[in-house]
1. Within region 167-246, report the trypsin sites (Lys or Arg not before Pro) that DSSP leaves as loop and that have at most 15 other Cβ atoms within 10 Å.
2. Rounded to the nearest 10 Å², what accessible area does W611 show when all protein chains are kept and the probe is 1.4 Å?
3. Take I592, I40 and sort them by solvent-accessible surface of the protein heavy atoms, 1.4 Å probe, largest at the top.
4. Let me check I've understood the local charge: for L189, count other residues with C-beta under 11 angstrom from its C-beta, Lys and Arg +1, Asp and Glu -1. What total comes out?
5. Taking all protein chains together and a probe of 1.4 Å, list T260, T125 from the most accessible to the least accessible.
6. Under 17 Å Cα-Cα from K273, which lysines qualify once same-chain neighbours fewer than 8 residues away are excluded?
7. Quote the relative contact order of region 235-339 in percent (integer), defining contacts as alpha-carbon pairs under 8 Å separated by 6+ residues.
8. Say R0 is 30 Å: what FRET efficiency, to the nearest 0.05, do K217 and K291 get from their beta-carbon distance?
Amino acid sequence: MENQLPGGPGQPTTSFRAGPRVSRGRTAPTRTRRPRWPVIIGLAFLSLLVVTVLGFFAVNATLDSQYTNKIEPGVSVSGLYIGEMSRDEAKTKILKSLEGYTQKPVVLSFQDKTWNPTLEQLGVTINMDDTLGKAADFNKAGFRVFKMLNPQGTNLPIEIMMDEAKLNGYLSDISDRIRLDAIEPTVKLDPEGKLVTTEGKIGFNVDYDSTLNALKKTLGSLTPTEENLLKVHDVAPVITQDEVESFKKALQPYLSGPVTVSYGGKTWTFDQKTIAAQLKLNINPDKKEPKHLGYTFDTTYFEKYLTDLGKTINQAAREGVVGWVNGKVGFVKPSQDGQFLSVPRTMDNLNQAFLGTDPEKRNTALWVDIKEPALSSKYPERLGKFEVIAEGVSQFAGSAPERATNIKVGAQHLSGAIIKPRTVFSFLDTIGDINEAAGYVTGFSIVADQTVPDVGGGICQVATTVFRAAFNAGLPILERNPHAYRVGWYEELGEPVGFDAAVYQPGVDFKFENNSDYYMAVTATVEGGKLYVRLLGNKIPGQTVKLISNGVSNIKDAPPDRTEVDPKLKPGEKKQYDTARKGLTTSITRVILIDGKEVKRTTFASVYQPWPNIYKVGPTPKPAPTPTPAPDSAKPAASPAPADNAKPAATPTPAPKTTPKA
């Protein structure tokens, strides 16, 4: 059978099986006695310990009571022993030890001056309460017995309060009294341009930081001392003597004497006084600056001097004058080189001379730029060869004497003309004024639609001959004007119609260009009733010129004869002044070839207007007055019979050939 021990609700139960019951008898316990002496010993030890502790505290309290309101043993203040004293005793002892010190704590002296400031003047106040408080608090904790067995000591400083502003003020006052500023060296130029210097002098002043630190150290410990705590140091000039010597060395070249500049055998001298006057010394005794001495050299004076000097040296280049010398083209007046003073480059020369210490190196030259003219007589070969490059010819044999004279005079004014390279030849500018003063006489010229007497009549034949020479030379023709009507003089040698050039002063000109790089010359000669105009210069290799006549067109008959009254002729006299000519249009062409190959073709057109016969007659005579008949006359007057010697009107005589001036 199983028995169960009840458990709480929901709790497990323990089941076991019951075995056979056994009967057991009870036995009384036996007591063992323990010894008591360990307890007694323990109690005795505990009692002794209590007594000892109580005794320790009693003894400690007894010993500690001796130092109530007293400073612990071993305490000193600034080396003064105040241990085992009351605060009052310690205070009295400290104050006694400081007697005299407070009135004369430090000595400050320099040379014959001495200062003995009090602590108050130095801004120092002794804080006795804090000093004694720290002394009294030292080593208060702990058991007296242990402190006696292991004594400790300390040396406390006297607590002070320091008014640094007051201390600094006192020290600054002393510094102001003894300070001696350094004297800087001087550097200057005297009126004669010499450098004058004086040496600097050392000054002195309070070494403020060192003195202040010494005072703080001494006052902080209130340690009496007889040492002079005023530290004074030398104050050297900012500008050192070495710097002065170096500066003198840098300036010395400028002050080594005069400087001479020369050109073309002339010299100009700048003395030392003038040179020195352009130096500006800069002295700056600022410690922060790395350099304290400097200078500038102003060249304005010399630049202005050279600019003014250039006005006497500068000259423009002038070309040589080309003309005829012993029958050849050459320079009749030499050229002149241009020269111009270069101020910047001359200043470079001068600046080097100013720095020269050797007298020889203080001589220099003006820098003058030379400019040769385009045509310099130093190079006559540049004029060219002056060989005949072309010729023009025309015939005037049979001309009226006035016309022939004007042709010869015009040729004289033309001959010898020089044409510069790349310039334009003007016929009118070359021959000058056409007037009686130049040797011309009155001939006939075409003016408007009339042939009239005019000074220089016939000059067009000279212009025509120049045209032919320029045409044959292949030169560019810039201006050419045909005559108003066809003129026979220009066809005497079989020339084509239109190979002429008219001029009239002013306005109607003939011009061509010398398009070469060489000079040209013009010659004009009269030989056997012919005018020859030759152009001299450098021939163009392989050049030939062809003239082509393009025929005539638009032929127009001459207009009816024209009769004009000339009061200079006698009544009834009649002369022919111009011959009738047909009008026409024509042209000629110039072909320029190089080595047989055509390079340029130019056509010159001419339009000739028809021209009438022009006659001039004397004025008609006034009729004789009719007589008044007498009152008694009954018959009219008879007509007068013709005189026996009456002659018929003369046949007008033709005028000689005339050539227009233009």
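1. Hits after loop and neighbour filter: R179, K194.
2. 10 Å²
3. Per-residue accessible area, sorted high to low, gives I40, I592.
4. Neighbour charge sum, excluding L189 itself: +2.
5. T125, T260
6. Output for K273: K188, K194, K248.
7. On the way: 110 pairs, mean separation 17.2, N = 105.
16 percent.
8. Efficiency, rounded to the nearest 0.05: 0.15.
The values are calculated or read from the model by the stated rules, or taken from the named source; none is laboratory data. These numbers come from a predicted model, not from an experiment. Positions of Cβ are backbone-derived with ideal geometry, glycine not excepted, and every protein chain shown enters the neighbour counts. When the accessible area is computed, the model is the full protein with side chains, heavy atoms only, and any ligands, DNA or RNA have been set aside. Shrake-Rupley method; radii C 1.70, N 1.55, O 1.52, S 1.80 Å.
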